[in-house]
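Notes follow the structure.
Values in this text are rule-based calculations from the coordinates and carry no lab data. This one's a predicted model, so the numbers in the text were calculated from it and none came from an experiment. Quick reminder, even Gly has a Cβ in these numbers, built from the backbone with ideal geometry, and neighbours come from all protein chains shown.
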Amino acid sequence: MIRPQMTPEMEAALAEGRPVVALESTIISHGMPWPRNAEVALQVEDAIRQEGAVPATVAVIDGRPCAGLDEDQIARLGQGGDVVKAASRDLGACIVRGATAGTTVSATMRIAALAGIGTFATGGIGGVHCGDGMDVSADLTELSATDVLVVCAGVKSILDIPRTIEVLETLRVPVAVHGADEFPAFYTRRSGIVAGERFDDPADIAAVRAANAALGLGTGMLVANPIPMADALDAEQIGATIDAALAEAEARGMAGKDVTPFLLGRLNDVTEGRALAANIALVLNNARLAARIAVAEAAARSEA
Ligand code: PSU
Ligand code: MN
C-alpha cells in the first residue's frame, strides 16, 4: 500500500496517537477563488490547531499523495493552472502522470485512510445531482467503502438532497446530525428533511463511530453540522440563485466533474461574495467540530 507523504508534524502526531483532522483540497483548487482560497485553507488549519488537533490538508503534488502540506503547496493549489480535480478513481492516473491535484472528498478519504487519519472536515460533500441524469458523486460510494468520518454542512441544493439521503441509506452509511433535528442544506440550517441521528456532544459522535467500527461495518460515517445561524443565507434568495445556476449548467451542457466547480463558481459570482462568505464560515465551523471529535477519540483511545 502507498504511504502518503507526510509533514514531520503529522508523522509525530500519528506516532504519538494525537488527534489529527484531514482536509480536502478541491475546495482550494476548484471551490473558491484565488487568493481567498489559500488564506481560508490556512485559517481552517489554524482553527483545528486551536482545538488541540493537528491539520493535514490532503492533495496530490507532482504525483505524490500527500497528507499535510506546506504554505507553498497550498498556494500552488490555490493558483490553479495545471491543477486537476481528482476523485479516488483518478488518483492512480495522477500518480503515473506526476500530476498535481486537488482531492475531492472521495480521494481525500482514500489518502486519509492510507495515512491512518480517521477524521476529516469539508464544506459540502458531493451527492446526487438534480435532473434525470445519473450524476451521482463518488463521494457517496467512497463513504460506503472507507472508514473515515466526514464532517460537512450537509448537502447544498445544487444537489438533489432527498435522493442523496436515500443513496446514503442504501449504501448503509451512518449519518449523524450535530445539534439539530433536520439534515442541514449547506447555506441554510434546514432542508425540511429529518434524516440521521441527532447528537449534540462530539464525544458521542466519536463513540458511535467506535461502535460502528466494532460492528465491522466497514463504511465511513457522515456528520452533518448546520451552518451557524449568524452566517446562514436566506433560503429563498439562495434557492433562486441556485435554480438559475442549474439552468445555465444545463444550457451549456456541463457534464462530469466540471458540473460542481461550475455551479460553485456561479454562486460565488452571482451573490457577490455572500455565498463565499457563508461557505468560509461553515468550513471553519466544520473544522472545529471535526477537531473536537478527533480529540474525544484520542482521549477514548488513551483511556482504553
Ligand atoms: N460541494 C460543495 N463544495 C465543494 C465540493 C462539493 O459544496 O467544494 C467539492 C468537494 O471536493 C466534493 C466534490 O468532493 O466537489 C464533488 O465533486 P463531484 O460532484 O464531481 O463528485
Ligand atoms: Mn458528478
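What the table shows:
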| item | result |
| --- | --- |
| Ala185 long-range amide H proximity, modeled H, under 5 Å | Arg190, Ser191 |
| Over the range 1-117, volume per residue of the alpha carbon convex hull, in Å³ | 85 Å³ |
| Top positive-direction residue, dipole computed over the range 1-117 with Cβ charges, set Pro55, His30, Ala41 | His30 |
| Convex hull of the range 231-272 built on C-alpha atoms - directionally averaged projected area, nm² | 3.1 nm² |
| Computed P(r) (all Cα pairs; the range 67-214; 10 Å bins; percent) | 10, 37, 35, 17, 1 |
| Pair-distance profile P(r), taking every C-alpha pair of the chain, with 10 angstrom steps and integer % | 7, 31, 39, 21, 3, 0 |
| In Hz, Karplus ³J(HN,Hα) per residue of the range 192-198 (6.51, -1.76, 1.60; θ = phi - 60°; x = Gly, Pro) | x, 10, 8, 8, x, 9, 7 |
| Pairwise label distance in nanometres, Trp34 with Asp200, each label 7 Å out on the Cα-Cβ vector | 4.6 nm |
| Furthest towards positive pole of dipole, Gly126, Leu168, Asn286, structure part the range 120-304, Cβ charges | Asn286 |
| Additional length obtainable on full extension of the chain from Val96 to Val270, 0.36 nm per residue less Cα span | 58.8 nm |
| Packing rank of 105-111, 227-233, where each peptide gets the mean count of other beta carbons within 10 Å, highest leading | 105-111, 227-233 |
| Three-way shape label, the range 251-304, alpha-carbon gyration tensor, a/c 1.5 | oblate |
| Mean-position separation - Cα centroids, the range 76-130 and the range 1-41, in angstrom | 11 Å |
| Extended-chain gain in nm, criterion 0.36 nm per residue less alpha-carbon gap, Gln79 and Ser302 | 76.2 nm |
| The range 84-145, dipole about Cα centre (Lys/Arg Cβ +1, Asp/Glu Cβ -1), debye to the nearest 20 | 280 debye |
| Residue-by-residue Karplus 3J(HN,Hα) for the range 237-244, coefficients 6.51, -1.76, 1.60, Hz, glycine and proline x | 4, 5, x, 5, 5, 5, 4, 5 |
| Inter-site label distance for Glu16 and Arg163 at 7 Å from Cα along Cβ, in nm | 4.8 nm |
| Sorted by Cβ neighbour density within 10 Å, fewest at the top, the residues Val173, Val155, Val208 | Val208, Val173, Val155 |
| Chain lengthening between Ala235 and Leu215 when straightened (0.36 nm per residue, less Cα-Cα) | 3.3 nm |
